[in-house]
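Below: one structure, written as structure tokens.
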């Protein structure tokens, strides 16, 4: 029997159980009468012929139960009986029922929270182009106390040496992120401010939605610098006005806004607080 036919039979057995059971009883009764008639034709009395036919067919009731098991009908019946039994026991002990429901709710909530974190950190792909090619480089240190200790802090000279000596990476960049008071006009608020190197946006293959990226002169040490803002910051503070380009934002250093990043790009907003993001060159 094909899988589609099995599925159709199980659905009919679930929603039209009485009709399917009657069909099964009719079919079994037909076979019983056929065997009885064949035995009577051989000269056996009708009563004896029916008894012999029943013996030949075996336990009819057991055969019906086996057919129901094959259609997964008994599984549904057992499940419904178990639910009814559990419901009666919970009604008899409301205190226990409340405690059980509370424990189940806490367990489900904890599992949901853990799965959300695992899904976001391990399972869900990064929202960047060619995300499988993006890697994080760190310094590893070995001491007597912690032979496999891992330090996530990397100095800028190390990054510059890696970039100059490596031929395995298409682009390499560094960033330093922190929460800082930011002023636009006379209003101050906290935002996620990230100082980035010139190749930062090339690593993520992201282009500004409006304006431009940093120039080498703006990211050179001692230069006045510049700022790029996230799409939500652009919408909430400038209403999506293109004239936001060239405006001054203080981080607290006064910086000119040169570009707006597209919606969805917020790295490195790792705080989980959905703060506005500003990138500083």
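The values are calculated or read from the model by the stated rules, or taken from the named source; none is laboratory data. On a predicted model such as this, the values are computed, not experimentally measured, just so you know. Neighbour counts are summed over all protein chains in view; Cβ atoms, including those assigned to glycine, are modelled from backbone coordinates with ideal geometry.
For segment 188-218, a residue qualifies if it is touching a residue at least 24 places away in the same chain (Cβ under 8 Å) and part of a strand (DSSP E or B), and the qualifying residues are 189, 190, 191, 192, 193, 194, 195, 196, 210, 211.
Would you point out the residue of segment 214-242, among those that are within 18 Å of residue 175 (Cβ to Cβ) and surrounded by 21 or more Cβ atoms within 10 Å (Cβ to Cβ), that is farthest from the chain's Cα centre (by Cα)? The extreme case among them is 226.
The set of residues from segment 161-188 being surrounded by fewer than 13 Cβ atoms within 10 Å (Cβ to Cβ) and more than 18 Å from residue 229 (Cα to Cα) comprises 161, 164, 165, 166, 167, 168, 170.
Residues that are at pLDDT 75 or above and under 36 Å from the mean Cα position of the chain (by Cα): which helices (runs of 4 or more DSSP H) entirely in segment 46-165 hold 1 or more of them?
Values: elements: 46-57, 60-70, 73-92, 94-118, 156-165.
Passing ranges, in order: 73-92, 94-118, 156-165.
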